[in-house]
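Undergrad: One structure is given below, represented as structure tokens, and several questions about it will come after.
No lab work stands behind these numbers, since they all come straight from the coordinates. All values reported here derive from a predicted model rather than from experimental measurement. Here the Cβ positions follow ideal geometry from the backbone for every residue, glycine too, while neighbour counts run over all protein chains shown.
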Amino acid sequence: MWHRNYSKGSAKSGLLTTFILIVAAFGIFFYRQPIIDQVNVWQFQPTSEVNALAERSGIGGYGNFLYLASKPSLEDSQAFNNVCNRVESTTSILGCYSNYQIYIYNVTDAKLDGVREVTAAHEMLHAAYLRMSNSEKVKVDALLEEEYKKLETDTIFSDRMAFYERTEPGQRDNELHSVIGTEVASISPELEAHYKQYFSDRSKVVALNTKYISVFQENQNRASELLAQYNALEASVSSRKVQYQTDYQSLENDIQSFNSKVTSGVISNASQYNIQKSYLEARIATLNANRTSIINDIDKQESIRNEYNLVASEIEKLNNSLDSTLAPAPSV
């Protein structure tokens, strides 16, 4: 019978190899995502634009690693809509984190400078939240909820969080993590320390967010101001027109009466004639001045209406710039 001879050395070597393979298998199982992230960073070739978004938004450290691991891309309308679903037709989305990748809508309106950078940082923080351990999430979520208590009286902010509740149920703290991290300047020292691992300078992204949001806010404020001016003038003009008609009819009746008295000889005294005529002429002058004032305010209303329409048109244009569904017509 043929026998195979085993040496002690080869047996130990085999056990060591098996042990290494087992350890490697456990390592791959427990550290699968970090390994994938590292490979993605090594293989990904970011464009200059993609790098610029991170630099301008203050992304740094581990945040920059996660940003590159997510293979961020700037996408025009059609490609963006293919990967980023719009849940509600009344609200535009500017980016999404899908299948471990970051997609950013390529907003090209120069007036909205900063929106792409804020979106890039927002989505990077989604990647960060996904990789946090359960214990870390419990700690960070508590800090986020404390910050939310300071912000919930802001109607715009609370409406936005309500939108996330409708469209992404169960993702409240995930969204708060991205929103607060990119948009809120003053936060607790503990939460600021948390964000330091993702940003070299978080104030950069907050400033960019304030910058592009202010474009909308300034136009909205101006539109509200113009509308208030128009409505106030409308009420004033309407009231004064009614009074003008009353005063006009009263004056016309008094003039007819005066002329009748002069013709019939009731008023024959020169002094009496001059006094009553002067009184009527003063009323005519006052009525004409009121008429001129009303006409001027009507013209002013028209000017305000025209400016309001221009501002409203600008707001619509800005909103359209953020609407990825309004893709340009395809070329032949």
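Undergrad: With label points built 7 Å along Cα→Cβ from the Cα atoms of residue 213 and residue 248, find their separation and express it in nm.
TA: It is 5.1 nm.
Undergrad: Can you give me the angle between helix 134-151 and the longest principal axis of the chain, using Cα atoms only, in degrees from 0 to 90, rounded to the nearest 10?
TA: The helix 134-151 is inclined about 10 degrees to the chain.
Undergrad: Still on this structure, please answer the following. Out of all DSSP beta bridges in the range 39-200, what portion is antiparallel? Express it as a percent rounded to 5.
TA: That works out to approximately 60 percent antiparallel.
Undergrad: When the convex hull of the Cα atoms of the chain is projected onto a plane and the area is averaged over all directions, what value comes out in nm²?
TA: Values: hull surface 137.7 nm².
Over every viewing direction, the Cα hull of the chain projects on average to 34.4 nm².
Undergrad: Related question: Taking Cα centroids, how far is the range 294-318 from the range 180-254 in Å?
TA: 16
Undergrad: Report the normalised scattering of the range 214-321 as log10 I(q)/I(0) at q = 0.12, 0.19, 0.23 Å⁻¹, calculated by the Debye formula with identical scatterers on the alpha carbons.
TA: -0.60, -0.94, -1.12
Undergrad: May I pose another question? Considering the options 239, 84, 288, tell which one lies farthest towards the positive end of the dipole of the chain, charges being +1 on Lys and Arg and -1 on Asp and Glu at the Cβ, about the Cα centre.
TA: Ranked along the dipole, the leading option is 84.
Undergrad: Right, next: For labels at residue 190 and residue 295 in the simple 7 Å Cα→Cβ model, what's the distance in nm?
TA: Modelled inter-label distance: 7.1 nm.
Undergrad: Can you tell me the dipole magnitude for the range 79-160 around its Cα centre, using point charges on the Cβ only (Lys, Arg +1; Asp, Glu -1), in Debye to the nearest 20? Could you put the intermediate results ahead of the total?
TA: Values: 9 positive and 13 negative charges, 48 e Å.
The dipole of the range 79-160 has a size of about 220 debye.
Undergrad: A follow-up question, please. Please identify, among 38, 171, 243, the residue showing maximal mean-square fluctuation in a Gaussian network model of the chain using a 10 angstrom Cα cutoff.
TA: In the Gaussian network model the winner is 243.
Undergrad: Mind putting a number on the dipole of the range 251-327 about its Cα centre? Charges go on the C-beta only, +1 for Lys and Arg and -1 for Asp and Glu, and I need it in Debye to the nearest 20.
TA: 540
Undergrad: What shape does the range 39-200 have by the C-alpha gyration tensor, where a ≥ b ≥ c are the square roots of the eigenvalues, rounded means a/c under 1.5, and otherwise prolate means a/b greater than b/c and oblate the rest? Don't skip to the answer; put the middle values down first.
TA: Details: a/c = 1.57, a/b = 1.18, b/c = 1.32.
Oblate, since a/c reaches 1.5 and b/c is not below a/b.
Undergrad: On to the next question. In nm, give the distance between the simple-model label positions of residue 52 and residue 136, each being 7 Å from the Cα along the Cα-to-Cβ direction.
TA: 3.2
Undergrad: Provide 195, 100 in ascending order of the number of other Cβ atoms located within 10 Å of each residue's Cβ, fewest first.
TA: Lowest to highest Cβ neighbour count: 100, 195.
Undergrad: Using a cut-off of under 20 Å, list every residue of the range 149-174 whose amide N is near the label point 7 Å from the Cα of residue 197 along the Cα-to-beta-carbon line.
TA: Residues passing the 20 Å test: 173-174.
Undergrad: Using 0.36 nm per residue of separation minus the Cα-Cα distance, give me the extension gain between residue 315 and residue 229 in nm, one decimal.
TA: That pair, residue 315 and residue 229, stretches by 29.1 nm at full extension.
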